[in-house]
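A short worksheet on the structure shown next.
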Amino acid sequence: MDAGVTPNIIRVKVDEVSQLFNTFDPTPFRERDVDGEAEEFIVDWARELPQGQPLRIVIYVRDAQAQKISPAQVKEALSSYFAYRANILSKELKELFHVGRLSFAIGLTILALGTMLSHSAMTFFGNGEIGRYASEGLSILGWVANWKPMEIFLYDWWPLARRRNLYLRLSQAGVDVRDATVLV
């Protein structure tokens with residue numbers, strides 16, 4: 001960490017460190033899932049902090065609890081969890097782009113067919129109203145078929161990428177476990 005950069009601090013106060021983790025998760029401590037409410041609290045706070053600066057998560061617990069828990073274990077557990085969540089979001093982003101490419105191929109095919117059939121409709125029905133409606137309807141169908149891939153490539157991926165980057169930032173955050181009485 002750059003000596004001149006002060007990390008943004010996320011403060012979490014709990015009675016016991018175990019409150020941060022899902023108690024139904026039977027895996028060893030360092031591999032446990034973070035509790036949903038604790039995750040939401042940490043992520044929401046991190047989202048409000050300026051980007052491009054390191055994060056530090058400071059967990060305040062009762063003195064007796066602070067003595068029993070190794071800050072290194074808590075850091076490893078949180079880092080591992082947020083890295084795992086970032087990996088899941090990377091996979092979702094990859095899947096979204098796969099769906100986008102497939103949708104785009106289908107959309108282009110329908111657009112090409114719609115354009116060809118649009119010209120054929122004018123020939124078959126003539127230049128009257130029925131011919132124009134059929135021709136324009138087929139053209140519109142071709143363009144509408146490209147709506148979803150354009151939505152994916154222009155808009156849908158941003159929130160996933162932002163959330164993934166936030167989880168990556170949280171996975172690299174420093175973690176301190178401190179006595180909660182200093183807050184009183």
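Values in this text are rule-based calculations from the coordinates and carry no lab data. Predicted, not measured: the structure shown is a model, and the values here were computed from it. Backbone-built Cβ (ideal geometry, glycine too); neighbour counts: all protein chains shown.
Picking from Ser135, Met116, Val99, whose Cα lies most toward the positive end of the charge dipole for the stretch 99-162 (charges on Cβ: Lys, Arg +1; Asp, Glu -1)?
Of the listed residues, the answer is Val99.
Just how large is the dipole of the chain about the Cα centre, in debye to the nearest 20, putting +1 at every Lys and Arg Cβ and -1 at every Asp and Glu Cβ? All intermediate terms of the calculation are to be shown ahead of the outcome.
Numbers: 20 positive and 22 negative charges, 88 e Å.
Dipole of the chain, to the nearest 20 debye: 420 debye.
Report, in deg cm²/dmol and to the nearest 500, the calculated mean residue ellipticity at 222 nm for the chain, where each DSSP H run with n ≥ 4 adds -39500 (n - 2.57) and the sum is divided by the residue count.
On the way: 6 runs with 110 residues, N = 184.
Taking each H run of at least 4 residues, the total per residue is -20500 deg cm²/dmol.
Using amide H atoms built 1.01 Å from N in the peptide plane, name the residues 5+ places from Val34, or on other chains, whose amide H lies under 5 Å from its own.
Distant-sequence amide H within range of Val34: Asn22.
Fully extended, how many nm does the chain gain between Leu108 and Ser120 (0.36 nm per residue separation, minus their Cα-Cα distance)? Display every interim value, and only then the final one.
Working: separation 12, 0.36 × 12 = 4.32 nm, distance 1.83 nm.
Residue separation times 0.36 nm, minus the Cα-Cα distance, leaves 2.5 nm.
Roughly how tilted is helix 157-171, in degrees to the nearest 10 and between 0 and 90, from the longest Cα axis of the chain?
Taking the Cα atoms of the chain, the angle to 157-171 is about 20 degrees.
Helix 36-48 against the longest principal axis of the chain: what's the angle in degrees, Cα atoms only, rounded to the nearest 10?
80
Which of rounded, prolate or oblate describes the chain when judged by the alpha-carbon gyration tensor and an a/c cut-off of 1.5? Provide the component values of the computation, followed by the final result.
Numbers: a/c = 4.38, a/b = 3.55, b/c = 1.23.
Verdict is prolate for the chain.
Any chance you could count the Lys pairs in the chain whose alpha carbons are under 29 Å apart, treating pairs 8 or more apart or on different chains as valid?
Going through the chain pair by pair, I get 6.
Could you give the nm distance between label points at Leu49 and Ala180, where each point is 7 Å from its Cα heading toward the beta carbon?
2.1
Which cross-chain or sequence-distant (5 or more) residues have an amide H under 5 Å from the amide H of Val175, H modelled 1.01 Å from N in plane?
Ile57
Separation between the Val144 and Glu40 pseudo-spin-labels, each 7 Å from Cα along Cα→Cβ, expressed in nm?
The two pseudo-label positions are separated by 3.8 nm.
Which residue, Ala72, Ala86, Ala134, tops the fluctuation ranking in a GNM of the chain built on C-alpha contacts under 10 Å?
Top of the fluctuation ranking is Ala134.
For Tyr60, enumerate residues with amide H under 5 Å from its amide H, sequence gap 5+ or separate chain, H modeled in the peptide plane.
Val12, Lys13, Val14, Arg178
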